[in-house]
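The values are calculated or read from the model by the stated rules, or taken from the named source; none is laboratory data. It should be emphasised that the depicted structure is a prediction, and the values quoted were computed from it without experimental measurement. Note that each Cβ is placed from the backbone with ideal geometry, even for glycine, and that neighbours are counted across all protein chains shown.
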C-alpha cells in the first residue's frame, strides 16, 4: 500500500510567486476548467442518454415492438407460421427425447401467467427451465487450484460488463471428471452471475478455442435449441424484463445472490424463431451504433482528463520559469 509520510509532506517543495500572479493563475485555471467541466458534463449526459436508449431498444425488442411480428407478416403475406407456443412444444419434445440427465426425466414446471402481461399474437410465456436442458453452476473448491496452465475458469468478475471478458481469464489445474464435465462451457451457452456485486450480469458465450468451466458463482444455462440463445440473452439483459425480475429476486444485503431454482423459474416471452432472428439482428444493428458512440465519448472523456493535467503542468511550469 503506497503511502507518504508526514516528514515527506512537510519537506515537499512548492514554487511560490507573487499574490498577484497567483490570482492570475487561479483565474485562468478556473476559466479553463469551467470549459472542461461543461464539456465533460455534456459527454456524461450523452452516456446517460445512450444507456436509456439501449434499455429502450431491449425493452421494445423483447416485447414485440422493435420489428414487425411474425403474425403481422404472415397475415400480410397470407401464410401460416410456427407460433411461440408451437416452438415451445417442439423444444419440450426435443428436451425429453434427448434427456440424459440423472434419474428419471422431470417435466419442467410451466410459468404461472396470472400476474404476467399479455403478449403479442403468436408469442407465449416459457420458463428458463423449459427452454434449457441444464441449468447448473460450477463445482465448489476449484478456486484452490489456480494455475498458469490448465483449463479456463470463468468467474463472476469475468462477465461484469454483460459480456465474457477474454482478457485475464483464470485457469485451474483440475482433472476434467464427470462432475467437471457438467459445468463445461460451450458456444451459445448463457452465463449468469448468481452471487456477489455483479449478480444478474450475463454473457452469451462465443466460440472458444479451448475447454472452459464456470465457478460456483456463475450459473450455466444450456439451451435445448441453440437458435433461441441470442433472444433469451437479450431478454436477460433488458432492464425492464429479465434483469428487473432477477434483481428483484436477488437476496442478501451484503452479498446478494440468486439460487439456481430462481434462474430456472424466470419467465421469458417467446416468439417464433423467425421473429427472434429479426429481433436479434435489429438489436445488434442498433446497439453496434451505440457502442461506436460510447467508444467515442469515452475517448473524449480521456482526452478531457489529459487536457486538465496538461493545463496544470503548463501553468505551473510557466510559473516556475518566471520565478527563476
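With the requirement that a residue be part of a helix (DSSP H, G or I) and surrounded by 21 or more Cβ atoms within 10 Å (Cβ to Cβ), what does the range 57-74 give you? Spell out how you get there, then give the answer.
We begin by selecting, within the range 57-74, every residue part of a helix (DSSP H, G or I); these are 57-62, 70-74.
Selection gives 58, 61, 62, 70.
Go through the range 258-291 and give me each residue that's in contact (Cβ under 8 Å) with a residue 40 or more places away in the chain, surrounded by fewer than 17 Cβ atoms within 10 Å (Cβ to Cβ) and under 16 Å from the mean Cα position of the chain (by Cα).
Within the range 258-291, 290 is the sole residue that qualifies.
Any idea how many residues of the range 1-26 are closer than 25 Å to residue 307 by Cβ, part of a helix (DSSP H, G or I), free of Cβ contacts under 8 Å to residues at least 24 places away in the same chain and more than 44 Å from the chain's Cα centre (by Cα)?
Residues flagged as closer than 25 Å to residue 307 by Cβ, part of a helix (DSSP H, G or I), free of Cβ contacts under 8 Å to residues at least 24 places away in the same chain and more than 44 Å from the chain's Cα centre (by Cα) within the range 1-26 amount to 3.
Only residues in the range 104-121 that are under 17 Å from residue 241 (Cβ atoms) count as the first member; pair them with residues that are assigned to a loop (DSSP other than H, G, I, E, B) and at pLDDT 95 or above, Cβ under 6 angstrom, at least 6 apart or cross-chain, and list the lot.
Cβ pairs passing all conditions: 120/64; 120/69.
Give just the number: which of (1) in contact with a strand residue (DSSP E or B) (Cβ under 9 Å, 6 or more places away or on another chain); (2) over 21 Å from residue 265 (Cα atoms) does residue 75 not satisfy?
(1)
Where residues in the range 190-204 are in a loop (DSSP other than H, G, I, E, B) and surrounded by fewer than 22 Cβ atoms within 10 Å (Cβ to Cβ), which of them is farthest from the chain's Cα centre (by Cα)? Step through it out loud before you land on a result.
Of all residues in the range 190-204, those in a loop (DSSP other than H, G, I, E, B) come to 194, 196-201.
Filter again for surrounded by fewer than 22 Cβ atoms within 10 Å (Cβ to Cβ), leaving 196-199.
Numbers: 196: 14, 197: 13, 198: 9, 199: 10 Å.
Applying the filter and picking the extreme gives 196.
Go through the range 208-223 and count every residue that is more than 22 Å from residue 149 (Cβ to Cβ) and either in contact with a helix residue (DSSP H, G or I) (Cβ under 6 Å, 6 or more places away or on another chain) or in a loop (DSSP other than H, G, I, E, B) (or both). First the steps, then the outcome.
Here is the first cut: in the range 208-223, the ones more than 22 Å from residue 149 (Cβ to Cβ) are 217, 219-223.
Now narrow it down to the ones that are either in contact with a helix residue (DSSP H, G or I) (Cβ under 6 Å, 6 or more places away or on another chain) or in a loop (DSSP other than H, G, I, E, B) (or both): 217, 219, 223.
Of the residues in that region, 3 qualify.
Where the second residue is part of a helix (DSSP H, G or I) and surrounded by 11 or more Cβ atoms within 10 Å (Cβ to Cβ) and the first is on the phi > 0 side of the Ramachandran plot and lies in the range 158-175, which pairs have Cβ atoms under 8 Å and are six or more apart or on separate chains?
From the range 158-175, the pairs are 162/237; 168/158.
Suppose we filter 249, 235 for residues that are modelled with pLDDT under 95 and touching a helix residue (DSSP H, G or I) at 6+ places or on another chain (Cβ under 8 Å); which single one remains?
Values: 235 fails: modelled with pLDDT under 95.
Exactly one of 249, 235 is modelled with pLDDT under 95 and touching a helix residue (DSSP H, G or I) at 6+ places or on another chain (Cβ under 8 Å), namely 249.
Being assigned to a helix (DSSP H, G or I), under 18 Å from residue 216 (Cα atoms) and in contact (Cβ under 8 Å) with a residue 24 or more places away in the chain is the filter here; which residues of the range 130-147 pass it?
142, 143, 145
Can you spot a residue in the range 85-96 that is under 30 Å from residue 301 (Cα atoms), out of contact with any strand residue (DSSP E or B) (no Cβ under 6 Å at 6 or more places or on another chain) and in contact (Cβ under 8 Å) with a residue 40 or more places away in the chain? Lay out the reasoning, then the answer.
Here is the first cut: in the range 85-96, the residues under 30 Å from residue 301 (Cα atoms) are none.
There is no residue in the range 85-96 that is under 30 Å from residue 301 (Cα atoms), out of contact with any strand residue (DSSP E or B) (no Cβ under 6 Å at 6 or more places or on another chain) and in contact (Cβ under 8 Å) with a residue 40 or more places away in the chain.
For residue 88, indicate whether it is under 24 Å from residue 195 (Cα atoms) and modelled with pLDDT of 95 or more. Even if it seems obvious, please write down each step before you answer.
Working: under 24 Å from residue 195 (Cα atoms): no; modelled with pLDDT of 95 or more: yes.
When the stated conditions are applied, residue 88 does not pass them.
Answer yes or no as to whether residue 111 is assigned to a loop (DSSP other than H, G, I, E, B) and closer than 15 Å to residue 268 by Cβ. Break it down into steps so the answer makes sense when it comes.
Numbers: assigned to a loop (DSSP other than H, G, I, E, B): yes; closer than 15 Å to residue 268 by Cβ: yes.
Yes.
Given the conditions (1) at pLDDT 95 or above; (2) under 17 Å from residue 217 (Cβ atoms), and given that residue 95 satisfies all but one, which numbered condition is not satisfied?
Here residue 95 clears every test but (2).
Given the criteria assigned to a loop (DSSP other than H, G, I, E, B) and touching a strand residue (DSSP E or B) at 6+ places or on another chain (Cβ under 9 Å), does residue 100 qualify? Give the derivation first.
Working: assigned to a loop (DSSP other than H, G, I, E, B): yes; touching a strand residue (DSSP E or B) at 6+ places or on another chain (Cβ under 9 Å): yes.
For residue 100, the condition - assigned to a loop (DSSP other than H, G, I, E, B) and touching a strand residue (DSSP E or B) at 6+ places or on another chain (Cβ under 9 Å) - is met.
Residues that are more than 29 Å from residue 299 (Cβ to Cβ) and surrounded by fewer than 11 Cβ atoms within 10 Å (Cβ to Cβ): does the range 28-42 have at least one?
Applying the first criterion (more than 29 Å from residue 299 (Cβ to Cβ)) to the range 28-42 yields none.
No, the range 28-42 has no match at all.
How many residues are in a helix (DSSP H, G or I) and under 21 Å from residue 88 (Cα atoms) if we restrict to the range 238-255? Give the derivation first.
Kept after step one, since they are in a helix (DSSP H, G or I), are these residues of the range 238-255: 242-249.
Going one step further and asking which of them are under 21 Å from residue 88 (Cα atoms), we end up with 242.
Going through the range 238-255 one residue at a time, the tally reaches 1.
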